[in-house]
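Remarks on the structure that follows.
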Amino acid sequence: MELICKICGTSEGHIELFKAPISRSLAAHFSPLRHITLKVCRHCGVVGIHPTPDLEKLASYYKMLERDDLSDEEIVASERRRKDYNLELINFLEHYLAQSPTSICDYGCGYGTLANELSKRWSATAFGIEYSERAILFASQHYQLNVVSAEPNEIPGNYDLIVCRAVLEHLPDPLSTLIALRDRVSEFGNLLIVVPNLWSFNLGLFSGERLQSIFKLVHLWYFSSVTLQQLVERAGLRVVGQREADGWSRQGELWMVVERVESSEMNHPTSVDTRLVVRELRRKTFYGRVRSIIETRTKNLLGDRLVSKARNVRKRVLRLLSDSSHEQA
Ligand SMILES: [Zn+2]
């Protein structure tokens with residue numbers, strides 16, 4: 001029996017892209033899960049990991065990944081690396097805001113640096129939601145931010161701006177969270193969504209072996225601008241502006257500013273040609289596999305010390321490959 005898609009709500013089924021074993025340490029934690037499969041929904045084209053891992057095990061896995069031992073200095077140093085990124089994100093956001101926000105809520109605020117910079121830009125009060133105890137402590141002591149741990153439907157008050165950065169891709173049910181956040185946006189307010197961009201992944205990320213490393217990042221969904229727009233529209237929101245941007249790490253991102261739609265104005269979500277999505281993913285994967293074979297072979301042949309000398313040669317080969325893949329597209 002086909003499962004209902006958590007993004008579009010249909011049961012038209014999924015197209016399987018890859019099945020891959022998870023690493024031994026992950027298998028020990030998520031037992032009896034041994035394999036994960038990357039699937040595309042036939043109706044909306046969203047890419048996701050199936051089956052969704054057990055929620056309690058997922059929560060304890062996040063606890064395990066938490067870095068309680070980081071000193072304030074270490075956090076400050078790591079947050080400094082995102083300075084330019086935060087500035088660019090805020091400038092993008094400002095361009096699309098209907099009004100200067102007076103109240104801001106950062107859902108999943110981490111150490112609170114972005115929330116702090118947003119509040120300084122508009123002299124607004126900032127509020128944060130975060131699960132990591134270390135992050136809550138840092139944000140409240142270092143930035144004097146009001147940060148609590150809460151479920152999306154427990155967020156108190158309404159906000160002119162809600163930020164949901166690097167959150168949705170981690171959630172088993174991103175739609176219900178987005179609906180809850182929508183209800184906390186004030187009448188002329190906006191929501192900023194940031195997720196990794198499906199199309200920005202290095203070629204080869206979707207080849208079987210690397211699914212393990214994807215799963216380590218606990219990203220359960222991979223959105224393109226079209227599938228994210230679908231999700232947004234299903235949540236009773238409308239896109240005001242978007243950009244395919246560089247992320248703060250090497251991963252490219254989608255930045256999307258949205259606003260509330262009154263239920264009378266809601267229309268049918270944008271449709272997707274799933275066949276195109278699948279074809280493009282398979283094409284990327286094929287060239288990705290070739291690429292990763294070349295990378296491994298180069299390393300084996302030359303050894304680590306000589307790899308840097310071979311880098312230029314490899315770059316040329318890869319460029320040739322990617323040129324020919326574009327020609328075929
Ligand atoms: Zn779907």
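It is to be established whether one or more residues within the stretch 29-43 are of a type in the set (Ser, Thr, Tyr) and more than 22 Å from residue 248 (Cα to Cα). For the stretch 29-43, residues of a type in the set (Ser, Thr, Tyr) and more than 22 Å from residue 248 (Cα to Cα): present.
Of all the numbered requirements in (1) touching a residue at least 60 places away in the same chain (Cβ under 8 Å); (2) touching a helix residue (DSSP H, G or I) at 6+ places or on another chain (Cβ under 8 Å), residue 95 misses one, and that requirement is (2). Just name the residue that is surrounded by the most Cβ atoms within 10 Å (Cβ to Cβ) out of those in the stretch 148-179 that are free of Cβ contacts under 8 Å to residues at least 60 places away in the same chain, within 13 Å of the chain's Cα centre (by Cα) and in a loop (DSSP other than H, G, I, E, B). The qualifying residue surrounded by the most Cβ atoms within 10 Å (Cβ to Cβ) is 171.
Among what's in the stretch 1-11 and is β-branched (Val, Ile, Thr) and exposed (fewer than 14 other Cβ atoms within 10 Å of the Cβ), pick the residue that is nearest to the ligand (Cβ to nearest atom).
Keep residues of the stretch 1-11 that are β-branched (Val, Ile, Thr), which gives 4, 7, 10.
If we keep only those that are exposed (fewer than 14 other Cβ atoms within 10 Å of the Cβ) as well, we get 4, 10.
Details: 4: 9, 10: 6 Å.
Looking at residues that are β-branched (Val, Ile, Thr) and exposed (fewer than 14 other Cβ atoms within 10 Å of the Cβ), I get 10.
Which of the following residues is surrounded by fewer than 18 Cβ atoms within 10 Å (Cβ to Cβ) and touching a Gly at 6+ places or on another chain (Cβ under 9 Å): 61, 85, 107? The match here is 85.
Yes/no per residue for (1) out of contact with any Pro (no Cβ under 7 Å at 6 or more places or on another chain); (2) aliphatic (A, V, I, L, M); (3) closer than 26 Å to residue 221 by Cα; (4) surrounded by fewer than 18 Cβ atoms within 10 Å (Cβ to Cβ):
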residue: 27; (1), (2), (3), (4): yes, yes, yes, yes
residue: 39; (1), (2), (3), (4): yes, no, yes, no
residue: 56; (1), (2), (3), (4): yes, no, yes, yes
residue: 72; (1), (2), (3), (4): yes, no, no, yes
residue: 91; (1), (2), (3), (4): yes, no, no, yes
residue: 99; (1), (2), (3), (4): yes, no, no, yes
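For residue 128, the conditions (1) in contact with a Cys (Cβ under 6 Å, 6 or more places away or on another chain); (2) surrounded by fewer than 16 Cβ atoms within 10 Å (Cβ to Cβ) all hold with the exception of (2).
Scanning the stretch 12-45 for residues that are within 9 Å of the ligand (Cβ to nearest atom) and either polar (S, T, N, Q) or assigned to a loop (DSSP other than H, G, I, E, B) (or both) yields 12, 42, 43, 44, 45.
Cβ separations smaller than 9 Å between residues 6+ apart or across chains give the following pairs from the stretch 220-241 residues that are touching a residue at least 24 places away in the same chain (Cβ under 8 Å) to residues that are more than 13 Å from the ligand (Cβ to nearest atom) and among the hydroxyl-bearing types (Ser, Thr, Tyr): 220/52; 235/176; 235/177; 236/263; 240/96; 241/96. Scanning the stretch 180-202 for residues that are at pLDDT 95 or above and in a helix (DSSP H, G or I), we see that the one that is nearest to the chain's Cα centre (by Cα) is 181. For the stretch 52-71, the set of residues classified as more than 22 Å from residue 230 (Cα to Cα) and either part of a loop (DSSP other than H, G, I, E, B) or within 16 Å of the ligand (Cβ to nearest atom) (or both) consists of 53, 54, 66, 67, 68, 69, 70, 71, listed by residue number. Of all the numbered requirements in (1) within 21 Å of the chain's Cα centre (by Cα); (2) more than 23 Å from residue 226 (Cα to Cα), residue 6 misses one, and that requirement is (2).
The values are calculated or read from the model by the stated rules, or taken from the named source; none is laboratory data. All figures in this text were calculated on a predicted structure; none of them were measured in a lab. Cβ atoms come from the backbone with ideal geometry, glycine included; neighbour counts cover every protein chain shown.
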